[in-house]
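Notes follow the structure.
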Amino acid sequence: MLRRVIIDTDTAGDDTIAILTALHHFKVEGVTITGGNVDFDQEVENALYTIQVANPKEYVPVYKGYEGPIIASGDEHHTTVEEVHGRDGMGDAFFEKATQRPETGHAVDFIIEKVKANPGEISLLAIAPLTNIAMAIKKDPTIVKAIPHIYIMGGINNSLGNITPAAEYNFYVDPEAARLVLHSGIPITMVGWDMCTEYSIMDDDDHKDIEQLSTAGSDFFIKINKVVKDFNKKVHRLNGTTHPDTLLVAIAANEELMTASTHYYVDIETKGELTRGHNIVDINNRSGKKPNVRVCEAVNREGFKKVLMNVLNSIS
Ligand code: RIB
Ligand code: CA
């Protein structure tokens, strides 16, 4: 019996391959959309199209959630990152619309109803700003007891941010939501941007290996990653494409890929002019506070690449 999950996503770029990976390894009860990477309605279309590419045996519903953070960072809307993922969030492939349409209900209500009807059964895969998950906890705090684990792609472990020097994008867009989830009491595994840059980068040789699979999955991967490869070289001085969300889902599917992790106290700055969205990982427990997050500290990189190749090879 496959483990059951709900995946919350701001579908663009790496989110799409993470969704394919989730559909390969889990029973995905639903995909919920949060405002993040690109225009919200585009994110919805990207999620629907990605499900169509995977062509799963069972219907996978898509629910629209919050289009923006609980508190915007002063502008009328949050920072989107088309420069990373392309104007459409899909490497400027501008795919046609999928046949499937989103459900009419709200993502937050779907999360609450689903986890309460299946207590202890459904973990959350969080690969976006944490707005939907935070608002679900806010609306019905009793769900904290029903959710066995949240796997979060977000934050940094005493390392460089990506959207600012101090902050990783998912935590930066909605730090109030991140704080609420980090202190919810739900067991959390956090895979930060540092793990992504250390273990998930696919360089030109890796891309050649993937291209040689010659499947619909590998073709989709190459198209999706057209823009981020140049962005990474220019901005982050990284030699390849980055896959934070897929790394998160691969670890959730097979925790042995996470070769080192420690429970630490993790908290987040919501006020700082330069540091809003920065999270601390209190590795020396200077705060004296009880650890609340299992932080990923090392990954079997070859094992991750194998999972990625497997998923892409399985989509014909
Ligand atoms: O910082 C990386 C995260 O921000 C990933 O989830 C990426 O998809 C963007 O949402
Ligand atoms: Ca994402």
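Among the conditions (1) touching a helix residue (DSSP H, G or I) at 6+ places or on another chain (Cβ under 8 Å); (2) under 19 Å from residue 169 (Cβ atoms); (3) more than 15 Å from ligand 2 (Cβ to nearest atom), the only one that residue 87 does not satisfy is (1). For beta carbons closer than 7 Å, sequence separation of 6+ or different chains, a first residue in the range 156-181 that is within 18 Å of residue 199 (Cβ to Cβ) and a second that is polar (S, T, N, Q) and away from ligand 2 (no atom under 15 Å from the Cβ), the qualifying pairs are 156/279. Restricting the search to strands (runs of 3 or more DSSP E) fully inside the range 212-316 and requiring at least 2 residues that are within 16 Å of ligand 2 (Cβ to nearest atom), free of Cβ contacts under 8 Å to residues at least 12 places away in the same chain and farther than 30 Å from residue 73 by Cβ gives an empty result.
Looking only at residues in the range 1-40 that are more than 12 Å from the chain's Cα centre (by Cα) and either at pLDDT below 95 or near ligand 1 (Cβ under 10 Å from one of its atoms) (or both), the one that is surrounded by the most Cβ atoms within 10 Å (Cβ to Cβ) is 38.
Only residues that are outside any helix (DSSP H, G or I), surrounded by 21 or more Cβ atoms within 10 Å (Cβ to Cβ) and in contact with a strand residue (DSSP E or B) (Cβ under 8 Å, 6 or more places away or on another chain) were counted across the range 65-112, and they come to 1. A Cβ distance below 7 Å, combined with a sequence gap of six or more or placement on separate chains, defines the contacts here; from the range 195-211, residues that are modelled with pLDDT of 95 or more reach residues that are basic (Lys, Arg) in the pairs 199/301; 206/305. Please find, within the range 124-171, the residue that is farthest from residue 273 (Cα to Cα) out of those that are surrounded by fewer than 20 Cβ atoms within 10 Å (Cβ to Cβ) and among the hydroxyl-bearing types (Ser, Thr, Tyr). The selected residue is 142. Listed by first and then second residue, the pairs linking a residue in the range 76-87 that is farther than 15 Å from residue 223 by Cβ to a residue that is among the β-branched types (Val, Ile, Thr) and within 11 Å of ligand 1 (Cβ to nearest atom), with Cβ atoms under 8 Å apart and 6 or more places separating them unless they lie on different chains, are 78/173; 79/163; 79/173; 80/38; 81/38; 81/163; 82/38; 84/228.
When residues in the range 50-64 are screened for being away from ligand 1 (no atom under 16 Å from the Cβ) and part of a helix (DSSP H, G or I), 4 of them pass.
The values are calculated or read from the model by the stated rules, or taken from the named source; none is laboratory data. Quick caveat: nothing in here was measured; it's all calculated off a predicted structure. Quick reminder, even Gly has a Cβ in these numbers, built from the backbone with ideal geometry, and neighbours come from all protein chains shown.
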